[in-house]
1. Could you tell me the relative contact order of the chain? Use alpha-carbon pairs under 8 Å, at least six residues apart, and round to a whole percent.
2. Just to check, using Stokes-Einstein with a Kirkwood Rh over alpha carbon pairs, what's the diffusion coefficient of segment 394-453 at 10 °C and 1.306 mPa s in µm²/s?
3. In what sequence, largest accessible area first, do 338, 155 appear using a 1.4 Å probe?
4. Suppose we take every Cα in segment 354-475 and form the convex hull; what volume per residue is that in Å³?
5. Quick one: length gained pulling residue 98 to residue 342 fully straight, 0.36 nm per residue minus the C-alpha distance?
6. Near residue 58, within a Cβ-to-Cβ distance under 12 Å, what is the net charge of the other residues, with Lys and Arg +1 and Asp and Glu -1?
7. How much of the calculated P(r) for segment 240-297 lies past 15 Å, in percent of all Cα pairs?
8. How would 328, 346 line up by accessible area, probe 1.4 Å, largest first?
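The values are calculated or read from the model by the stated rules, or taken from the named source; none is laboratory data. Keep in mind it's a predicted model, so treat the numbers as computed, not measured. A quick note on method: Cβ atoms are made from the backbone with ideal geometry, for glycine too, and the neighbour counts reach across all protein chains shown. Quick note on the areas: whole protein, heavy atoms, side chains included, nothing else; ligands and nucleic acids left out. Shrake-Rupley method; radii C 1.70, N 1.55, O 1.52, S 1.80 Å.
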Amino acid sequence: MLFNSLDFIIFLIVVVTIYYLIPNNRVRKLFLLGSSYYFYGCWNVAFLAILFFVTLLSYGTALGYKRDGSKRDKRLLVVSIVLLLCPLLCFKYLDFFSHSIGDMLYFVGCRMQVPEFKLLLPVGISFYTFMSIGYVVDVFKQKLSPEKDLLDYALFIGFFPQIASGPIGRAPQLLPQLKEKHPLLYNNVAKGCKMMIWGFFMKLVVGDRAGIYVDTVFGNYLHHNGSSLLLASFMYTIQIYCDFAGYSLIAIGAAKTMGFELMNNFERPYFAKNVGEFWRRWHISLSTWFRDYVYIPLGGSRCSKGRVYLNLIITFLVSGLWHGAAYTFIVWGLLHGLVQVVDKATLPIRSQMWAKVKVNENSVFRRGLNIIITFVIVSYLWMVFYAKDFSMVLGITKRYFVSGKPYIHQTTIFFFVIGFLILLLKDLKDEFMPEKRWLLNSNKIWVRYLSFVVVALIIVLFGVLGGGQFIYFKF
């Protein structure tokens with residue numbers, strides 16, 4: 001059941017309505033858990049078995065700690081993490097590992113047919129696996145007490161707005177909310193609907209419209225010149241942002257209509273002044289997860305410069321592998337890590353150069369230049385992310401320098417430009433004038449409602465209705 005479908009809208013309305021009509025909070029939670037399992041089972045009922053396994057294993061592990069820092073607790077933690085990762089490794093990486101072994105054998109001159117498994121990847125497995133690992137680690141470190149109520153914990157892992165593609169919830173933030181009885185409040189419903197409608201706008205009007213051009217050009221890149229490929233790279237950069245930030249807003253908004261606060265996942269990442277800042281604004285729930293459970297345990301920034309750089313590279317290598325079982329994803333993650341290492345290593349030199357020409361760090365010119373450079377780097381790396389193999393990466397890179405007029409599909413470009421300009425104006429306002437309350441955030445109720453109607457009409461008239469699934473569903 002995709003968020004961008006009529007089925008989901010009907011499902012959400014029914015769930016929210018019944019949720020508030022149930023007076024008993026425990027019955028409410030049972031209903032919400034059942035609805036969440038129904039939502040997840042709509043993709044494939046068999047996937048529920050993996051969700052149950054991850055839920056029960058992490059729940060039991062936390063209860064099994066003695067919480068005395070003993071070697072027994074450490075062994076239990078390690079064993080539980082390995083077991084929790086087993087389904088993810090099996091379904092997502094088994095084929096990749098098998099082919100990698102075959103590639104290595106071929107490289108040393110041994111030709112051998114390796115088995116292919118072709119397992120169907122369960123939706124959301126990367127996200128709820130990370131949630132469960134974060135939970136058992138937090139309990140082990142005594143950041144929170146183990147949850148004794150299985151209903152609350154199962155709802156924490158399986159809560160339908162976030163199970164498919166996040167945000168990756170944290171137990172200290174979400175579990176206490178699941179214990180509360182949330183009253184029906186107009187502000188919650190209104191704010192949640194506002195988030196959702198803007199999420200639909202980003203996904204359907206901007207993201208999916210851009211995707212038509214991107215797939216057309218990248219899908220036949222050998223027959224397109226540099227102008228078309230650069231335009232496609234720009235549009236994919238916008239597409240993946242609108243696709244995933246749009247999904248996150250719909251998820252956060254759906255939860256908000258029932259009184260739950262999910263973690264904010266995006267903070268206008270394309271206004272970042274360097275790649276490190278980009279990752280503090282992009283997919284925040286995942287970035288902070290890697291920071292807390294990979295980067296900091298490796299030593300974080302409390303080490304020598306060389307070790308800090310190595311920690312960064314390892315963290316982004318793991319991030320790349322998390323995003324997909326392919327060499328291109330690993331290289332994509334490695335390049336993000338290397339760019340940050342270069343940025344940190346050259347910072348003193350660049351600061352001296354700017355000081356010599358007397359350009360302040362907060363000057364409009366310097367900030368604007370840094371934003372543009374970061375955007376160009378990130379855009380190129382998104383092309384690597386999109387590419388199916390390295391031959392495609394190299395082919396597109398070479399053809400960037402082939403001159404010619406860009407391919408223009410008038411209808412697609414026209415509707416995309418309208419949506420993009422509206423999005424750009426809103427993000428510019430939120431980034432540089434957050435105190436201003438315009439349109440959807442206006443203090444005047446008639447302006448807010450009129451803005452809702454206009455955005456809804458734009459979605460219906462310009463949006464790609466009945467489009468494909470969200471990009472991050474495959475991760």
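1. Numbers: 591 pairs, mean separation 89.1, N = 475.
Relative contact order for the chain comes out at 19 percent.
2. Working: Rh = 14.9 Å.
The Stokes-Einstein estimate is 107 µm²/s.
3. Order by accessible area, largest first: 338, 155.
4. On the way: hull volume 25.2 nm³, N = 122.
Expressed per residue, the convex hull around the Cα atoms of segment 354-475 is 207 Å³.
5. On the way: separation 244, 0.36 × 244 = 87.84 nm, distance 3.37 nm.
Full-extension gain reported as 84.5 nm.
6. On the way: positive: none; negative: 138, 147.
Neighbour charge sum, excluding residue 58 itself: -2.
7. Values: 898 of 1653 pairs.
Distances greater than 15 Å cover 54 percent of the Cα pairs.
8. Numbers: 328 5, 346 45 Å².
The residues order as 346, 328, largest area first.
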